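Report on the structure given below.
The values are calculated or read from the model by the stated rules, or taken from the named source; none is laboratory data. Computed from a prediction, not measured in an experiment: that's the story for all the values here. Here the Cβ positions follow ideal geometry from the backbone for every residue, glycine too, while neighbour counts run over all protein chains shown. Ligands, DNA and RNA are stripped out before the accessible areas are found, and what is left, the full protein with its side chains, is counted by its heavy atoms. Shrake-Rupley method; radii C 1.70, N 1.55, O 1.52, S 1.80 Å.
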Amino acid sequence: MTVDVNKTDGPADSTPPAGPEAIKAVPVRHPGRYVSAAIALALLGSIVYAFAQGKINWGAIPQYFFDDRIIDGVLKTLLLTVLSMVIGIVGGIILAVMRLSKNPVTSSIAWFYIWFFRGTPVLVQLFVWFNLGLVFEYINLGPIYKDYWSSFMTPLLTALLGLGLNEAAYMAEICRAGLLSVDEGQTEASHALGMSHTKTLRRIVIPQAMRVIVPPTGNEVINMLKTTSLVSAVQFADLFKQAQDIGQNAGSTVEMYFLAAAWYLILTSILSVGQYYIERYYARGSTRQLPPTPWQKVKAHVFSLSSRKGVTA
Amino acid sequence: MTAMVKAEGVHKSFGHVEVLKGIDLEVKTGEVFCLIGPSGSGKSTFLRCINHLEKINAGRLYVDGELVGYRQKGDKLYELKDSEVAQKRRDIGMVFQRFNLFPHMTAVENVMEAPIQVKGTSKAQARERALELLERVGLADKAGNYPSQLSGGQQQRVAIARALAMDPKLMLFDEPTSALDPELVGDVLDVMRDLAESGMTMVVVTHEMGFAREVGDSLVFMDGGVVVESGNPRDVLTNPQHERTQSFLSKVL
């Protein structure tokens, strides 16, 4: 069993100094690859050409790209994504613990919740929240708060409830899978040391479950960012709604859709980078050596190209 | 000497399978008590009953004079709350066959965890003590390594240090060397031998007959959920009385 983990990888440094003569053979040709590459490039070119020839006022996109309304929409979209995910994650953890609990009442309630919210489209849920005034005319929280439902249910609150509660159902399943993935021996060892259930969960199980929970959660965040565009339907002024409004007023509907798409793409790309680093953090201890950051990879590449000797991972 | 562990007719079933069929035994304070037997004989299950990782179905089990998992008032038994069970487990260290180190913590953090979380020891104090214990098991230089960077033998020694950090009065070893390369077994047994010499009460489920003979004060041979033979390890191992013990020992020795 090796204890020394100070191992460098990469083929560049593994060539033996004076081994047998290296094989020099004519490599197999792959003419098919050239053909398929040519076809793919031709298709791509024709699509780009079609868009360039289309009656699209490309100039409108940079003109409005940093428009105040668009920036405001971007911020609202981000705010909505973050808050909905917070509701989703907190709710998801609670639901997951409820589902795994030995109490049949709490676990059935959690099951029912997940069944309902996963089984209905989020757009329908949003409309239901928005129009719940038909069921509850007033909202009455005793002495703290009392108001008409329609003035209580602002677009922001509708959007938050709709997206957050729906997300909680998905997060519950992700969290449950994560908690179940931790070896039972860990719980036993922790209990044997005299640690309570809560401490075991918080200090031992959840940190290890995170490795399983984080990647799909990153996916959910990216998904959520895109799903927030649905809330334009309940009059919330997010990025998509702002772009739509500008497009209708300025007579450049399609252009503004492109603009919105570009913004969504930028935001999801930033989120993907963040996800990579969070995953790397929770991987500590599970792999002998942390994977390199993209920046380290680039550096290693450049270095190996220039010197062809040592590759540092 | 008083009894650290006392079992009276302990029964344990998993569903319809009866694993322990009435175990009576006594572990004296300060002794090294070895449990041997074929797999499936119930020896690991019995060990896990001692710190209430498994609930017994019948009989009585005492640790240091106190009932395990229950409180007796008159002739009625009351189940202990989880927090009370946890409280009692503080005094009983356990070492597992598969080490069960916390993989997201370094060696020293593994040892520090329980004193900080359970006893409320300060971080600095816990670290100092953890480093002492790692030194004692010969791993002072591995304090900053994660379990995945340690060999099996090293992981098991960290696990022993982790259990010792709670200053237990009783240590349970569940086949501590069974998952190790033969070459690494010796290091772990050395640590256990040191521990025995320091006067720790130890219950050891093991297949290491050499260790049992050399270090053990008492030995029990279990098969099919009952104690078949017990006595001084040197006597039982060299001159087994029972036929089942003889056939088992002839295969493993």
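For chain A, return all DSSP H helices satisfying: extent of Cα atoms along own axis at least 15 Å; mean Kyte-Doolittle hydropathy at least -0.5.
Within chain A the helices that satisfy the rule are A:31-53, A:68-100, A:104-119, A:155-181, A:206-227, A:253-282, A:294-307.
Considering the Cα trace of segment B:1-149, what is its radius of gyration and what is Dmax, both in angstroms?
Reported Rg and Dmax, both Å: 18.1, 54.
Restricting everything to alpha-carbon atoms, can you work out Rg to Rh for segment A:41-105 with a Kirkwood hydrodynamic radius? Working shown, then result.
On the way: Rg = 22.9 Å, Rh = 16.6 Å.
Using only Cα positions, Rg/Rh for segment A:41-105 is 1.38.
Could you grab the relative contact order for chain A? Cα pairs under 8 Å, six or more apart, rounded to a whole percent. Mind dumping the intermediate values first?
Numbers: 294 pairs, mean separation 78.6, N = 313.
It rounds to 25 percent for chain A.
How long are the semi-axes of the ellipsoid equivalent to the protein assembly as shown, from square roots of 5 times the Cα gyration tensor eigenvalues, in whole Å, largest first? Write out the running numbers ahead of the final one.
Working: eigenvalues 699, 265, 82 Å².
Sorted largest first and rounded, they come to 59, 36, 20 Å.
Taking the Cα centre as origin and putting +1 on Lys and Arg beta-carbons and -1 on Asp and Glu beta-carbons, what dipole magnitude results for chain B, to the nearest 20 debye? Write out the running numbers ahead of the final one.
Details: 30 positive and 35 negative charges, 152 e Å.
Approximately 740 debye in magnitude.
Could you identify which residue out of B:Ala161, B:Ala107, B:Ala196 has the top mean-square fluctuation in a GNM of chain B using Cα springs shorter than 10 Å?
Checking each option, the largest mean-square fluctuation is seen for B:Ala196.
What do you get for trypsin sites (Lys or Arg not before Pro) in segment A:53-129 restricted to DSSP loop and a cutoff of at most 13 other Cβ within 10 Å of the site's Cβ? Don't skip to the end; give the middle numbers.
Numbers: sites: A:Lys55, A:Arg69, A:Lys76, A:Arg99, A:Lys102, A:Arg118; in loops: A:Lys55, A:Lys102.
When the trypsin sites (Lys or Arg not before Pro) of segment A:53-129 are filtered for loop state and at most 13 Cβ neighbours within 10 Å, A:Lys55, A:Lys102 remain.
Divide, for segment A:155-201, the radius of gyration over alpha carbons by 2.2 N^0.38 Å, where N is the residue count. Could you put the intermediate results ahead of the total?
On the way: Rg = 16.6 Å, N = 47, 2.2 N^0.38 = 9.5 Å.
Here the answer is 1.74, to two decimals.
Which is farthest toward the positive dipole end of the protein assembly as shown among B:Val108, A:Ala22, A:Pro207, measuring Cα position about the Cα centre, with Cβ charges +1 (Lys, Arg) and -1 (Asp, Glu)?
Final value for the positive-end residue is A:Ala22.
To the nearest Å, what is the center-to-center distance of segment A:87-155 and segment B:75-91, using C-alpha atoms only?
So the two Cα centres are separated by 39 Å.
If chain A were replaced by its equivalent ellipsoid, with semi-axes equal to the square roots of 5 times the Cα gyration tensor eigenvalues, what would those be, largest first, whole Å?
On the way: eigenvalues 391, 270, 54 Å².
In descending order the semi-axes read 44, 37, 16 Å.
Just the Kirkwood number for segment A:56-194, please: inverse of mean 1/r across all distinct Cα pairs, in Å, one decimal. The partial results should precede the final answer.
Working: mean 1/r = 0.0551 Å⁻¹.
Answer for segment A:56-194: a Kirkwood hydrodynamic radius of 18.2 Å.
I'm checking a number: the convex hull volume of the Cα atoms of chain B, normalised per residue, in Å³. What is it? Mind dumping the intermediate values first?
Details: hull volume 34.8 nm³, N = 253.
About 138 Å³ per residue, rounded to a whole number.
Please compute the contact order of chain B in relative form: average sequence separation of alpha-carbon pairs under 8 Å and at least six residues apart, divided by the residue count, as a percent.
Numbers: 467 pairs, mean separation 66.4, N = 253.
Result for chain B is 26 percent.
If you roll a 1.4 Å probe over the protein assembly as shown with all protein chains in place, what percent of the accessible area is carbon or sulfur?
Values: 17680 of 30120 Å².
Using a 1.4 Å probe with all protein chains present, the protein assembly as shown comes out at 59 percent carbon and sulfur.
Would you mind counting up the charge near A:Tyr170? Only other residues with Cβ under 15 Å from its Cβ, with Lys and Arg at +1 and Asp and Glu at -1. It would help to have the intermediate numbers written out before the result.
On the way: positive: A:Arg99, A:Arg118, A:Arg176, A:Lys226; negative: A:Glu167, A:Glu173, A:Glu220.
Local net charge: +1.
What is the dipole size for the protein assembly as shown, taken about its Cα centre, with +1 at each Lys and Arg Cβ and -1 at each Asp and Glu Cβ, in debye to the nearest 20? Mind showing how you got there, number by number?
Values: 55 positive and 54 negative charges, 225 e Å.
In total the dipole reaches around 1080 debye.
Quick one: grab Rg to one decimal and Dmax as a whole number for segment B:97-167, Cα atoms only, in Å.
When restricted to the Cα atoms of segment B:97-167, Rg and Dmax are 10.7, 31 Å.
Can you give the accessible area per residue of segment A:68-288, in Å², using a 1.4 Å probe? Don't skip to the answer; put the middle values down first.
Values: 11190 Å² over 221 residues.
Solvent-accessible surface per residue comes out at 51 Å².
Hey, can you find the accessible area per residue of chain B for me, probe 1.4 Å, expressed in square angstrom?
Values: 10810 Å² over 253 residues.
That works out to 43 Å² for each residue.
How many square angstrom of accessible surface are buried between A and B, both sides summed, with a 1.4 Å probe and rounding to 100? Write down the numbers at each step before the final one.
Details: alone 20600 and 12000 Å², together 30120 Å².
The A and B chains share an interface burying roughly 2500 Å².
Among all the aspartates and glutamates, which ones have a C-alpha under 17 Å from A:Lys241's C-alpha, if same-chain residues fewer than 8 places away are not counted?
Within reach: A:Asp67, A:Asp68, A:Asp72, A:Glu255.
Quote the Stokes-Einstein diffusion coefficient, in whole µm² s⁻¹, for segment B:111-243, based on the Kirkwood radius over alpha carbon pairs, a temperature of 25 °C and a viscosity of 0.890 mPa s.
Numbers: Rh = 16.3 Å.
Value of D from the Cα-based Kirkwood radius: 151 µm²/s.
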